[in-house]
1. Restricted to the stretch 340-359, and to residues that are closer than 14 Å to residue 379 by Cα and in contact with a helix residue (DSSP H, G or I) (Cβ under 7 Å, 6 or more places away or on another chain), which residue is modelled with the highest pLDDT?
2. Among the residues in the stretch 157-173, are any over 27 Å from the mean Cα position of the chain (by Cα), surrounded by 15 or more Cβ atoms within 10 Å (Cβ to Cβ) and free of Cβ contacts under 8 Å to residues at least 40 places away in the same chain?
3. Every residue in the stretch 46-63 that is surrounded by 18 or more Cβ atoms within 10 Å (Cβ to Cβ) and part of a helix (DSSP H, G or I), please.
4. Which of the following residues is modelled with pLDDT of 80 or more, surrounded by 13 or more Cβ atoms within 10 Å (Cβ to Cβ) and under 13 Å from residue 8 (Cα atoms): 332, 337, 311?
5. I'd like to know if the stretch 15-26 contains one or more residues that are in a loop (DSSP other than H, G, I, E, B), in contact with a helix residue (DSSP H, G or I) (Cβ under 8 Å, 6 or more places away or on another chain) and not assigned by TED's automatic domain parsing to the domain that holds residue 249.
6. Modelled with pLDDT of 90 or more, touching a strand residue (DSSP E or B) at 6+ places or on another chain (Cβ under 9 Å), assigned to a strand (DSSP E or B) and more than 23 Å from residue 79 (Cα to Cα) - does that describe any residue in the stretch 136-146?
């Protein structure tokens, strides 16, 4: 085995040009394969991080999946505002009167929770900060547990998710520096200092990367921007998270979608649409990844074939001098293994250098929780496929070489 390994190493050093081409080709293919693989992981994590304990969401008119991902997944740009007065009417179950004389009585609502995004952290990681009221903390399907402290009780207090606390090295009682997050037409940035009143236990949902304050904190910021929303002034929200009474969805949909400037979505329906889209994109992603690796395999196969073709006479001489068939096979397999190993190392270098740059450019469109998860160890699956591919191509080359009789090779010398 030692002799076979030495022969493989010496042949790589002697034919370093073709070996380098093969290594770079495989490394680039593995890098692209891992890029697709990790984007697939992000797509799946988007669904896993959604808080599906709410039945419906009301927000500004937009695509259903967009409302779902922004309200319960923390993705996308700052959404449009909806009027505070509509929330108040729905919360107190007050009949809503319309200009055409129609009255709607929202008795079909079980619970309703307001949320509004109003600030971001002042750091490289722009974690969102939202404001809500006490109904958020009493939401029964998903009871909240605090690792330390409690929910914010006073203006200027904030409870942070477990990952949020890690990202910004926060402890109970610390002051978090943040800035207002308002529409683009509001040019003024307001610095906001918030005291950490509690740190949530991990939920495995997007709440882990969110800071949560009381509505009074956001309303104080909005009061400084009277033209925040042209029609409603500073009295605005982004979403209402709703639990319905049995058979209440149709009534909510009729009231909100047909009679107001807002839009209601049913969480279950939009989640099914998202699953369908993600399932299709995952299949396409794996298909492209397979094609990339197959193309790399064929390229490597051609390169190794030309490399090994030049070995016909050398193999014939070694066999004539007593080198066993097993030692020759081991030599060629070791060579394929060395080329594959160098390719994996180069691919790991590409990932370590390029992936952080790529994620930094994509952080606005990809969820923060997805970006924190990627380490080199997660590339092991593609690297294993790469190693098998190079060994497989070496095996094909061995079969091709052994089909030619030794005597014929010796006569051609």
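The values are calculated or read from the model by the stated rules, or taken from the named source; none is laboratory data. Quick caveat: nothing in here was measured; it's all calculated off a predicted structure. Because the Cβ atoms are built from the backbone with ideal geometry, glycine has one as well, and the counts that use them run over all protein chains shown.
1. My answer is 346.
2. Yes, the stretch 157-173 contains a residue that is over 27 Å from the mean Cα position of the chain (by Cα), surrounded by 15 or more Cβ atoms within 10 Å (Cβ to Cβ) and free of Cβ contacts under 8 Å to residues at least 40 places away in the same chain.
3. Correct list: 46 only.
4. 337
5. Looking through the stretch 15-26, at least one residue is in a loop (DSSP other than H, G, I, E, B), in contact with a helix residue (DSSP H, G or I) (Cβ under 8 Å, 6 or more places away or on another chain) and not assigned by TED's automatic domain parsing to the domain that holds residue 249.
6. yes
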